[in-house]
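Heads up, the thing below is written out as structure tokens.
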Amino acid sequence: MVFRRSFLAASIIGLVFVSACTTISPGESQPVTSTATNSSRSSGGNGEELPFAGAPKVDDPLDTSRYEQDPCRALTADQTESLNLPRTGKTMENVALGVGCSWRNSDTWGEAEIVFIVGDPRGLSPEYESKTQGEFPDFEELPKIEEYPAITRKGPGENGDCTVVVGVADDMAFESNIQLSRDNIGKKEPCQVASQVAGLAIQTMKRGA
Amino acid sequence: MGEPTHRDNINAELSGFFTSNGSRSPVAGGSFAFTEADMRAIIKNWADLAHSYQDSLRNADRMARIKPPAEDFASRWHAGAANRSGESYKGYLENNQNYCFKQAQLFQKALDEYLDIEHANVTGMNTTAPHSPQPGI
């Protein structure tokens, strides 16, 4: 009986100590902005070292933070005009894991999109991980674009479309998505065009335009 | 639709479905009549729809970057089920994208053929070589 009483007393004292250590601070939770993400990118979100899964290391990372805020600046008006696209792009909505801009010519059906994968700041590593897990059987490593490693997840689509993903840092990748104009389907190689568009975007970002 | 029918309308022949005066008949040959503006609107709608499916497909491909939260049985089972569901979803998006794209192409081809014929009739000259790649994307 003595033992039960002393156990009860110890429990009460313990609870008092625990509650005394707990302080409640008022405040509101805030989402992490992409700028904040940039400054703290030394490893993946789960503490994993980047790169992993065989992804190539990016020796000279490109600071894309400015273009993540406004992805429509990634291609200049002259560049998009040379691609037979509108001079100004439209910010895309509902982009999974990213922010993006689209330039679409509704007459020719030609389109280019630049999407920064800010929602998963692990660069190309998850793409290589997907490859090792066999998720994209047509995964292909492409020649470097402006000295940055690039891949395509599944090669050209049958309608003249392609997605090329470029690792511009160990913790940042962007997509160049293109749809060939209807006159060029079957006459141009979509992934080459997507690589060309990615190269133009990197040139713009290097210049800091 | 008040324009002269032979110059401004495009007839898409659908054998044995409608009679020429619009009444339903399973036997007689007939046609739908579209103006050039109708055709352009239809093409735009199909192309927009294909584009929308394409964006959804790109979103789904990007989501493949996200992996199961842990290696325990429940997480792996859930990830497996989610992946199967994701694959079905991507198949559905791809089929619909292809279907809409092909519809847009069919209507565009019909319009191009009609306009080429009209152009040839009026000017007697060839248009730009249709088989060479165009500049840009």
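Bear in mind these aren't lab numbers, they're just calculated from the coordinates by the rules spelled out. Note that this is a predicted model, so its numbers are computed, not measured. Please note: Cβ atoms are built from the backbone with ideal geometry, for glycine as well, and neighbour counts cover all protein chains shown.
Key figures for this structure:
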{"read-out": "Per-bin percent of Cα-Cα distances, the stretch B:36-121 [10 Å]", "value": "16, 31, 21, 15, 10, 5, 2, 0"}
{"read-out": "Shielding of B:45-58 by partner chains, average beta-carbon count, 10 Å", "value": "4"}
{"read-out": "Estimated inter-spin distance, B:A41 and B:S88, nm [label 7 Å along Cα→Cβ]", "value": "3.7 nm"}
{"read-out": "Selection from A:G54, A:I114, A:F139 lying farthest towards where the dipole of the stretch A:34-207 points positive, charges on Cβ", "value": "A:I114"}
{"read-out": "Separation of the B:S132 and A:R87 label points, Cα + 7 Å toward Cβ, nm", "value": "2.7 nm"}
{"read-out": "Whether the stretch A:125-209 is rounded, prolate or oblate, judged on the alpha carbon gyration tensor where a/c under 1.5 counts as rounded", "value": "oblate"}
{"read-out": "Amide H within-cut-off set for A:T108, under 5 Å, with H built and near neighbours excluded", "value": "none"}
{"read-out": "Under the Karplus curve 6.51 cos²θ - 1.76 cosθ + 1.60, θ = phi - 60°, whole-Hz ³J(HN,Hα) for the stretch A:57-73, x wherever Gly or Pro sits", "value": "6, 9, 6, 10, x, 9, 7, 9, 4, 5, 7, 5, 5, 9, x, 5, 8"}
{"read-out": "Sequence of A:R122, A:R182 once ranked by neighbouring C-beta atoms within 10 Å, starting from the fewest", "value": "A:R182, A:R122"}
{"read-out": "Taking A:L142, A:L180 and counting other C-beta atoms within 10 Å, the order from fewest to most", "value": "A:L142, A:L180"}
{"read-out": "Cross-link pairs A:K131/A:K187; A:K188/B:K44; A:K154/B:K90; A:K57/A:K144 - those with Cα-Cα distance over 18 Å", "value": "A:K131/A:K187; A:K188/B:K44"}
{"read-out": "HN-Hα J in Hz across the stretch A:131-147 - Karplus 6.51, -1.76, 1.60, θ = phi - 60°, x for Gly and Pro", "value": "5, 5, 8, x, 6, 10, x, 9, 3, 9, 7, 9, x, 4, 10, 6, 6"}
{"read-out": "Cα gyration tensor, the stretch A:34-207 - rounded (a/c under 1.5), prolate or oblate", "value": "oblate"}
{"read-out": "Label point 7 Å beyond Cα of A:Q203 along Cβ direction - residues of the stretch A:146-168 with amide nitrogen under 12 Å", "value": "A:146"}
{"read-out": "Unit charges on C-beta of K, R, D, E only; dipole of the stretch A:34-207, Debye", "value": "400 debye"}
{"read-out": "Derived scalar couplings ³J(HN,Hα) [the stretch B:65-76; Karplus, 6.51 cos²θ - 1.76 cosθ + 1.60; whole Hz; x for Gly, Pro]", "value": "5, 7, 10, x, x, 7, 9, 6, 4, 4, 5, 5"}
